[in-house]
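Each reported figure results from applying straightforward, stated rules to the coordinates on display, with no laboratory input. Everything numeric in this text was worked out from a predicted model, so none of it was measured. Positions of Cβ are backbone-derived with ideal geometry, glycine not excepted, and every protein chain shown enters the neighbour counts.
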Amino acid sequence: MNNSTPPLEGTPLIAPSSTDHPLYEQVVEACRSVYDPEIPVNIYELGLIYTIDIDAENAVDIKMSLTAPGCPVAGEMPGWVADAIEPLAGVKQVNVELVWEPPWGMDMMSDEARLELGFM
């Protein structure tokens, strides 16, 4: 009988956020101030912010996606997110990276976003 443990499943598609970091809630609120110009809901509630990683030096690393790769503001939105976060007291630096895996889907929206857009 083989007593070896089974291999671990793959890493999660979306890395966990630094939810216990003191700056986390302020960073989330800053993300909530950024809106997709075509949709009247902020990008956080839309589920476009995948990961908020804040290190011990207070450097903020954001992984985000867009509703579609051809989004007209694809080149600008990461800058809008960085501009919203950088002024927060204590933030050392901000890096915003666009990722396409996993692809964004409507199931990533919060209940508030679904209600606002008439999907509930």
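Things worth noting here:
- Listing Tyr50, Tyr24 from fewest to most neighbouring C-beta atoms within 10 Å gives Tyr24, Tyr50.
- Other-chain or far-sequence residues with amide H under 5 Å of Val60's (modelled H): Lys92, Gln93, Val94, Asn95
- Normalised by the number of residues in segment 24-106, the average gap of Cα pairs under 8 Å and 6 or more apart makes the relative contact order 31 percent.
- For the chain, the 222 nm mean residue ellipticity estimated from helices alone, with every DSSP H stretch of n ≥ 4 adding -39500 (n - 2.57) and the total spread over all residues, rounds to -5500 deg cm²/dmol.
- Here's how it looks for Tyr50: its modeled amide H is under 5 Å from those of Lys63, Met64, Ser65, which are all 5 or more places away or on a different chain.
- Only beta bridges with both residues in segment 24-106 are counted; by DSSP, about 50 percent of them are antiparallel.
- At most 16 other Cβ within 10 Å, DSSP loop - GluC sites (Glu not before Pro), segment 15-102: Glu38, Glu57, Glu76
- Of Thr67, Thr19, Thr51, the one that fluctuates the most in a GNM where the chain has Cα springs shorter than 10 Å: Thr19
- The phi-based Karplus calculation (6.51 cos²θ - 1.76 cosθ + 1.60; θ = phi - 60°) puts the 3J(HN,Hα) values of segment 63-73 at 10, 9, 10, 10, 5, 7, x, x, 3, x, 9 Hz, whole numbers, x for Gly and Pro.
- Relative to the 2.2 N^0.38 Å rule of thumb, the chain has a C-alpha radius of gyration ratio of 1.21.
- Backbone geometry of segment 98-113 corresponds, through the Karplus equation with coefficients 6.51, -1.76 and 1.60 at θ = phi - 60°, to 3J(HN,Hα) couplings of 7, 10, 10, 10, x, x, 5, x, 4, 5, 7, 6, 6, 4, 4, 5 Hz, x marking Gly and Pro.
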